[in-house]
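Enquirer: Quick one: this structure, given as structure tokens, is what I'll be asking you about.
The values are calculated or read from the model by the stated rules, or taken from the named source; none is laboratory data. Everything numeric here is computed off the predicted structure, so don't read it as measured data. Note: ideal-geometry Cβ built from the backbone for every residue, glycine included; neighbour counts use all protein chains shown. Each accessible area value is taken on the protein alone, full model and side chains, heavy atoms only, with ligands, DNA and RNA left out. Shrake-Rupley method; radii C 1.70, N 1.55, O 1.52, S 1.80 Å.
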Amino acid sequence: MKTALITGVTGQDGSYLAELLLEKGYRVVGIYRRVSVPTTQRIDHLKEKLIMVPGDLMDAASLGRAVSEYRPDEVYNLAAQSFVETSFVEPTLTSEVTAIGALRLLEVVHALVPDARFYQASSSEMFGKVAEVPQTERTPFYPRSPYGAAKCFAHWVTVNYRESYGMYACSGILFNHESPRRGLEFVTRKVTRAVAEIAAGRRETVSLGNLEARRDWGFAGDYVEAMWLMLQRDMPVDYVIATGETHSVRELVELAFQCAGLNWRDHVRVDERLIRPAEVDVLMGDPLRAEIELGWRPTVKFDELVHMMVAADRQSVGLECQ
């Protein structure tokens, strides 16, 4: 039986990845941070099957204890300060967790289980002010936020450990991927949750920033399969994981409100304070390499994803799914 260690197991991606690996017969060890308010709701249905170990990317000793005890065959680094807006407010913390945290984990894996296969969660935010559309594995990075810059460091230090020490270490450059488990601070879930609450009569409006920003949105459940596939190859290779389609925030809003039979213009307010200091206008990935070499393709379309998220949020506020 293979053992996989997942940092960020309580997050959206961590929960879907844990499900996938358990289905494949892995022993799954999840690293979680001790906090005063429980944050395990995404994995509560798995708690009897998971091994949960306290740890923190800012504490190398805690990572070392977990790796030393469980000797994982595969390590998935999904933990990060992952909200772009917060990275402008807390850039140092973002760098400590998202950038240096990845380095700490790489060093622990290199020292204790050098033959383990290591996956780093890279991000389309590394492309930032894009040099070309769509973005591929060869597109230069130009991050436009402390989060994007921190992810660039983590990405390149993963490459460095692969080339310097011969580690099986690779990164998935994942474009935006969403689900009903997405955090409420992210724009997709902010919109679908607002739609449900407005339909339920609990609120009247929702405030958003740049409605013209365009993103490549896919389903998180599809994207964690790509992570796993990347660690099953003979050689470590970095891949762009995306749908190859782009949609604006305005399109997202229109579709989400349509799902509830509402006119978005009656409820959406644009708040200039929610626009990033350095905006990323368009992100769209080219997943061709992953399709050819991994046999991976997204299965959930944009409209299906939005309907899925609105339906889940409607159910959460006591409304029937439409």
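Enquirer: Within region 280-291, identify whether any single residue is surrounded by fewer than 19 Cβ atoms within 10 Å (Cβ to Cβ) and assigned to a loop (DSSP other than H, G, I, E, B), and answer yes or no.
Expert: Checked against the condition, which is being surrounded by fewer than 19 Cβ atoms within 10 Å (Cβ to Cβ) and assigned to a loop (DSSP other than H, G, I, E, B), region 280-291 yields at least one hit.
Enquirer: What tally of residues in region 199-232 results from selecting those that are under 13 Å from Asp13 (Cβ atoms) and either in a strand (DSSP E or B) or open to solvent by 10 Å² or more (accessible area, probe 1.4 Å) (or both)?
Expert: Adding up the residues that qualify gives 6.
For (1) crowded, with 23+ Cβ neighbours inside 10 Å; (2) in contact with a helix residue (DSSP H, G or I) (Cβ under 6 Å, 6 or more places away or on another chain); (3) of a type in the set (S, T, N, Q); (4) closer than 18 Å to Gly183 by Cα, each residue gets a yes or a no:
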position: Gln41; (1), (2), (3), (4): no, no, yes, yes
position: Lys49; (1), (2), (3), (4): no, yes, no, no
position: Ser62; (1), (2), (3), (4): no, no, yes, no
position: Glu74; (1), (2), (3), (4): no, no, no, no
position: Thr98; (1), (2), (3), (4): yes, yes, yes, yes
position: Arg104; (1), (2), (3), (4): no, yes, no, no
position: Tyr119; (1), (2), (3), (4): yes, yes, no, no
position: Ser123; (1), (2), (3), (4): yes, yes, yes, yes
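Enquirer: From Val9, Val35, grab the single residue that is in contact (Cβ under 8 Å) with a residue 24 or more places away in the chain, among the β-branched types (Val, Ile, Thr), in a loop (DSSP other than H, G, I, E, B) and within 26 Å of Ile100 (Cβ to Cβ).
Expert: After ruling out the rest, the residue left standing is Val9.
Enquirer: Moving to a separate point now. State which residue pairs qualify: first residue farther than 11 Å from Gly11 by Cβ and inside region 38-49, second residue assigned to a loop (DSSP other than H, G, I, E, B) in any location, beta carbons under 8 Å apart, and separation of 6 or more residues or different chains.
Expert: Lys47/Thr40
Enquirer: Still on this structure, please answer the following. Can you list the helices (runs of 4 or more DSSP H) found entirely within region 60-129 that contain at least 1 residues being closer than 28 Å to Lys2 by Cβ, touching a residue at least 12 places away in the same chain (Cβ under 8 Å) and not hydroxyl-bearing (Ser, Thr, Tyr)?
Expert: In region 60-129, 60-70, 101-112 are the helices (runs of 4 or more DSSP H) which contain 1 or more residues that are closer than 28 Å to Lys2 by Cβ, touching a residue at least 12 places away in the same chain (Cβ under 8 Å) and not hydroxyl-bearing (Ser, Thr, Tyr).
Enquirer: Out of Val113, Val109, I need the residue that is surrounded by 22 or more Cβ atoms within 10 Å (Cβ to Cβ) and β-branched (Val, Ile, Thr). Which one?
Expert: Answer to the check: Val109.
Enquirer: Would you tally the residues in region 180-198 being part of a helix (DSSP H, G or I) and either charged (D, E, K, R) or open to solvent by less than 40 Å² (accessible area, probe 1.4 Å) (or both)?
Expert: Here the count works out to 11.
So that you can scan it fast, the table gives a plain yes or no per residue for (1) more than 22 Å from Gly148 (Cα to Cα); (2) at pLDDT 95 or above; (3) in contact with a strand residue (DSSP E or B) (Cβ under 8 Å, 6 or more places away or on another chain):
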| position | (1), (2), (3) |
| --- | --- |
| Gly8 | no, yes, yes |
| Leu21 | yes, yes, yes |
| Gly30 | yes, yes, yes |
| Gln41 | yes, no, no |
| Leu57 | no, yes, yes |
| Val84 | no, no, no |
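Enquirer: Among the residues of region 248-261, are any farther than 16 Å from Thr205 by Cα and either among the charged types (D, E, K, R) or outside any helix (DSSP H, G or I) (or both)?
Expert: Yes; the residues of region 248-261 include at least one that is farther than 16 Å from Thr205 by Cα and either among the charged types (D, E, K, R) or outside any helix (DSSP H, G or I) (or both).
Enquirer: Now for a different question. Quick one: Asp238 ticks every box in (1) open to solvent by 40 Å² or more (accessible area, probe 1.4 Å); (2) under 21 Å from the mean Cα position of the chain (by Cα) bar one, so which box is it?
Expert: Of (1) open to solvent by 40 Å² or more (accessible area, probe 1.4 Å); (2) under 21 Å from the mean Cα position of the chain (by Cα), only one is false for Asp238: (1).
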